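K.L.:
Would you mind keeping the following structure in view while I ask a few things?
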Amino acid sequence: MGLSRKLLVGASAAALTAAGVALAPTSDAAATCGVLFDDFAYTSRTDPALRQHGWSIRGTAGGPGVPGAAWRADNVSFPTVDGERVAQLTARTDGTAAGTSHAEFSLGERRFFEGTYLARIKFADTPVSGPDGDHVNQTFYTISPLAAPRDPQYSELDFSEYLPNGGWGEAGPINYQTTWYTYVAEPWYADNKSSKQPGSIAGWHDVMATVGGGHVRYYIDGVLVADHSGKVYPRQNMSIDFNQWFIDLTGRSGRGTSVWQESVDYVFHAKRQTLTPAQASARVAGLRGAGTTHTDNVVAANDCEAGATPVPGKSTSATSPSRPAAAPPARPSAAPSSKAPAAPATWAAGVTYRAGQVVTYQGVRYQSRRAHKSVTGQTPSRSRTLWQRLR
C-alpha cells in the first residue's frame with residue numbers, strides 16, 4: 001500500500017473487523033479451500049452483482065496519499081478497454097489537495113492467505129489528459145488491519161506498486177514489491193522487505209505472487225522478480241485490494257487537471273495452491289473458455305484442502321450485461337462434529353503436525369499454519385512461519 005503511508009486505508013480498514021486466521025473446524029474432513037476468479041463483467045459500479053460478489057468501493061477520506069484528498073466511488077468504473085470489460089480506477093489532481101481524488105475497490109472479507117494470486121493489469125506512464133509528472137501509485141495488494149502500532153500480526157503483500165514518475169526518493173518509472181511485518185503511523189516506522197525494478201511496465205502485464213512454504217514469490221509476466229521470507233511472511237488472513245493514489249503533489253510539469261487510469265482485466269486466486277505462472281494462466285484460460293465470468297468458493301479457514309479449480313456450472317456464477325447475476329455460490333464449510341474436541345496436545349520435536357492442528361507450548365495455544373515435521377529449535381514461540389499464536 002505504500003512505503004511511506006501515514007494511515008491504513010479508511011473504508012476498507014473499518015470494514016475488516018473479523019478475527020484473524022480461523023480455527024480448525026472440528027470435522028474430520030476439511031473443507032476445500034476454493035478458487036476466486038472475477039472477470040469484472042459488471043455494467044457499472046452500481047451493478048447489484050458487484051456487491052453480491054463481495055466487492056466494495058471506497059468513498060471515505062483518509063490515508064494513504066495526499067492529506068485532504070478524496071476517495072471517490074465514481075472513480076471506479078467498468079468500461080471496455082482493448083476489447084475486454086475491465087475494472088478501471090481513475091485518479092485526478094490539479095495540484096491541490098481539494099482538487100485531488102483517488103480510487104480504491106476491495107474484496108473486503110478476510111479469507112485470503114496462502115496460495116496463488118494473479119491479476120492482469122494495464123499500467124500507465126502518462127495521464128490520459130492533463131500535464132505529466134505526478135507521483136502516482138498504481139497498485140494490487142492484500143492487507144489486514146493494523147490492530148495497534150507495531151502489531152506483530154499485521155500482514156500486507158504489495159504485489160505491485162508502480163510509480164511511473166517515481167517517488168519515495170527514486171526516479172521513475174519504477175515498480176515495487178513489499179512484504180510487511182508491521183509499521184507505526186506516527187512517527188513513521190516501517191518493518192518490511194522490499195524489492196524494486198527500475199524501468200517502464202506501461203501496458204498490460206500479468207502480476208502474480210505465490211505464498212507458501214515460508215516464501216512470498218513475486219512475478220511479472222511469469223518472471224520471478226522477488227522472493228521474500230522470514231518474519232515478514234503473512235501471519236493472518238487478508239483482503240484483496242486495488243487502488244490508485246497520489247503519493248504527494250510534487251513533480252507536476254504544468255497547470256490543469258491530470259487524469260490517470262489503471263485497468264484490471266481479471267483477478268484470480270487459488271487458495272493454498274502454489275502454481276507456476278503457466279499453470280495459473282492456464283486456469284484462467286480454462287475458466288474464460290468455459291464462459292465463467294465469476295466464481296468464488298474461497299473459505300476463511302486455513303486447514304482446508306487445496307482441491308482444484310471448480311467445474312464451471314457447479315460452483316460458478318456468471319454475470320453479463322444482458323443477464324442479471326445469480327446469488328454467489330455458498331462457500332463450503334465443514335460440518336460440526338458431534339464429539340467434543342480433545343484438549344490440544346503439548347508441542348514436541350519430531351512430531352508430524354497437520355495444517356490447522358492446535359497444540360500448547362509453555363502454556364500458550366498455537367495453530368499449525370501448514371503440515372510439517374517439528375524439529376528442535378523451531379518451537380511455536382520462535383517459528384512464526386509454522387505456527388500461529390491463538391488468543
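K.L.:
So the check is Cβ under 9 Å with 6+ separation or different chains; which pairs have a first residue in the stretch 192-205 that's in contact (Cβ under 8 Å) with a residue 40 or more places away in the chain and under 12 Å from ARG120 (Cβ atoms) and a second one that's among the charged types (D, E, K, R) and surrounded by 17 or more Cβ atoms within 10 Å (Cβ to Cβ)?
P.N.:
Note: pairs meeting the criteria are GLY203/LYS122; TRP204/ARG120; TRP204/LYS122; TRP204/ASP265; HIS205/ARG120; HIS205/LYS122.
K.L.:
Further question on the same structure: Scan GLY99, GLY62 and give me the residue that is touching a helix residue (DSSP H, G or I) at 6+ places or on another chain (Cβ under 6 Å), small (Gly, Ala, Ser) and farther than 14 Å from PHE242 by Cα. Outline the logic, then answer.
P.N.:
Details: GLY99 fails: touching a helix residue (DSSP H, G or I) at 6+ places or on another chain (Cβ under 6 Å).
When all the criteria are applied, what remains is GLY62.
K.L.:
Return the total of residues in the stretch 237-262 being under 30 Å from THR60 (Cβ atoms) and either surrounded by fewer than 20 Cβ atoms within 10 Å (Cβ to Cβ) or without any contact (Cβ under 8 Å) to a residue 24 or more places away in the chain (or both).
P.N.:
9
K.L.:
Looking only at the stretch 263-280, filter to residues that are in a loop (DSSP other than H, G, I, E, B) and of a type outside the set (Lys, Arg); which one of those is surrounded by the most Cβ atoms within 10 Å (Cβ to Cβ)? Spell out how you get there, then give the answer.
P.N.:
Initial filter on the stretch 263-280 (in a loop (DSSP other than H, G, I, E, B)): 272-276.
Okay, now just the ones that are also of a type outside the set (Lys, Arg), so 273-276.
On the way: GLN273: 21, THR274: 17, LEU275: 19, THR276: 13.
Among residues in the stretch 263-280 that are in a loop (DSSP other than H, G, I, E, B) and of a type outside the set (Lys, Arg), the one surrounded by the most Cβ atoms within 10 Å (Cβ to Cβ) is GLN273.
K.L.:
Taking the stretch 227-247, which residues are in a strand (DSSP E or B) and within 30 Å of SER258 (Cβ to Cβ)? First the steps, then the outcome.
P.N.:
Within the stretch 227-247, the subset in a strand (DSSP E or B) is 227-229, 238-246.
Once the filter is applied, which keeps residues that are in a strand (DSSP E or B) and within 30 Å of SER258 (Cβ to Cβ), the stretch 227-247 yields SER239, ILE240, ASP241, PHE242, ASN243, GLN244, TRP245, PHE246.
K.L.:
Here's another thing I want to ask about it. Of all residues in the stretch 353-378 being assigned to a loop (DSSP other than H, G, I, E, B) and within 29 Å of the chain's Cα centre (by Cα), which is modelled with the highest pLDDT? I'd like the intermediate steps shown before the answer.
P.N.:
Restricting attention to the stretch 353-378, the residues satisfying the condition of being assigned to a loop (DSSP other than H, G, I, E, B) are 354-357, 362-363, 369-371, 374-378.
The next check asks that each one be within 29 Å of the chain's Cα centre (by Cα); those that pass are 354-357, 369-371, 378.
Working: ARG354: 72, ALA355: 71, GLY356: 72, GLN357: 81, ARG369: 73, ARG370: 70, ALA371: 74, GLN378: 76.
Restricting to residues being assigned to a loop (DSSP other than H, G, I, E, B) and within 29 Å of the chain's Cα centre (by Cα), the top hit is GLN357.
K.L.:
Quick check: anything in the stretch 139-152 modelled with pLDDT of 95 or more, surrounded by fewer than 20 Cβ atoms within 10 Å (Cβ to Cβ) and closer than 27 Å to SER200 by Cβ?
P.N.:
Checked against the condition, which is being modelled with pLDDT of 95 or more, surrounded by fewer than 20 Cβ atoms within 10 Å (Cβ to Cβ) and closer than 27 Å to SER200 by Cβ, the stretch 139-152 yields no hits at all.
K.L.:
Can THR116 be described as over 24 Å from ASP38 (Cβ atoms), touching a residue at least 24 places away in the same chain (Cβ under 8 Å), buried (at least 24 other Cβ atoms within 10 Å of the Cβ) and out of contact with any Pro (no Cβ under 6 Å at 6 or more places or on another chain)?
P.N.:
Spelling it out, it is not the case that THR116 is over 24 Å from ASP38 (Cβ atoms), touching a residue at least 24 places away in the same chain (Cβ under 8 Å), buried (at least 24 other Cβ atoms within 10 Å of the Cβ) and out of contact with any Pro (no Cβ under 6 Å at 6 or more places or on another chain).
K.L.:
Now for a separate question. I'd like to check something: does the stretch 213-226 contain any residue that is touching a helix residue (DSSP H, G or I) at 6+ places or on another chain (Cβ under 7 Å), of a type outside the set (A, V, I, L, M, F, W, C), assigned to a loop (DSSP other than H, G, I, E, B) and surrounded by fewer than 15 Cβ atoms within 10 Å (Cβ to Cβ)? Spell out how you get there, then give the answer.
P.N.:
The initial filter retains those residues of the stretch 213-226 that are touching a helix residue (DSSP H, G or I) at 6+ places or on another chain (Cβ under 7 Å), namely 219, 222.
Imposing the further condition that a residue be of a type outside the set (A, V, I, L, M, F, W, C) reduces the set to 219, 222.
Adding the requirement that they be assigned to a loop (DSSP other than H, G, I, E, B) leaves 222.
Restricting the remaining residues to those that are surrounded by fewer than 15 Cβ atoms within 10 Å (Cβ to Cβ) gives 222.
Yes; the residues of the stretch 213-226 include at least one that is touching a helix residue (DSSP H, G or I) at 6+ places or on another chain (Cβ under 7 Å), of a type outside the set (A, V, I, L, M, F, W, C), assigned to a loop (DSSP other than H, G, I, E, B) and surrounded by fewer than 15 Cβ atoms within 10 Å (Cβ to Cβ).
K.L.:
Now, a different point. Could you tell me which residue of the stretch 178-191 is surrounded by the fewest Cβ atoms within 10 Å (Cβ to Cβ), considering only residues that are closer than 24 Å to ASN165 by Cα and in contact with a Leu (Cβ under 8 Å, 6 or more places away or on another chain)?
P.N.:
Residues of the stretch 178-191 that are closer than 24 Å to ASN165 by Cα, as a first pass: 178-180, 188, 190.
Remaining after also requiring in contact with a Leu (Cβ under 8 Å, 6 or more places away or on another chain): 178-180, 190.
Numbers: THR178: 24, THR179: 27, TRP180: 25, ALA190: 15.
My answer is ALA190.
K.L.:
Now, a different point. With (1) surrounded by 22 or more Cβ atoms within 10 Å (Cβ to Cβ); (2) under 22 Å from ASP132 (Cα atoms); (3) of a type in the set (A, V, I, L, M, F, W, C) as the list, and VAL232 as the residue in question, which single condition is left unmet?
P.N.:
Tallying (1) surrounded by 22 or more Cβ atoms within 10 Å (Cβ to Cβ); (2) under 22 Å from ASP132 (Cα atoms); (3) of a type in the set (A, V, I, L, M, F, W, C), VAL232 fails exactly one: (2).
K.L.:
Which one of ALA69, ALA103, ALA73, ALA97 is surrounded by fewer than 22 Cβ atoms within 10 Å (Cβ to Cβ), modelled with pLDDT of 95 or more and under 24 Å from THR250 (Cα atoms)? Spell out the reasoning first.
P.N.:
Details: ALA69 fails: surrounded by fewer than 22 Cβ atoms within 10 Å (Cβ to Cβ); ALA103 fails: surrounded by fewer than 22 Cβ atoms within 10 Å (Cβ to Cβ); ALA73 fails: under 24 Å from THR250 (Cα atoms).
None of the others qualify; the one that does is ALA97.
K.L.:
Do we find a residue being basic (Lys, Arg) and either assigned by TED's automatic domain parsing to the domain that holds THR46 or modelled with pLDDT of 95 or more (or both) anywhere in the stretch 284-307?
P.N.:
yes
The values are calculated or read from the model by the stated rules, or taken from the named source; none is laboratory data. What you are looking at is a predicted structure, and each value in this text was computed from that prediction instead of being measured. All Cβ positions, even for glycine, are placed from backbone atoms using ideal geometry, and neighbour counts span all protein chains on display.
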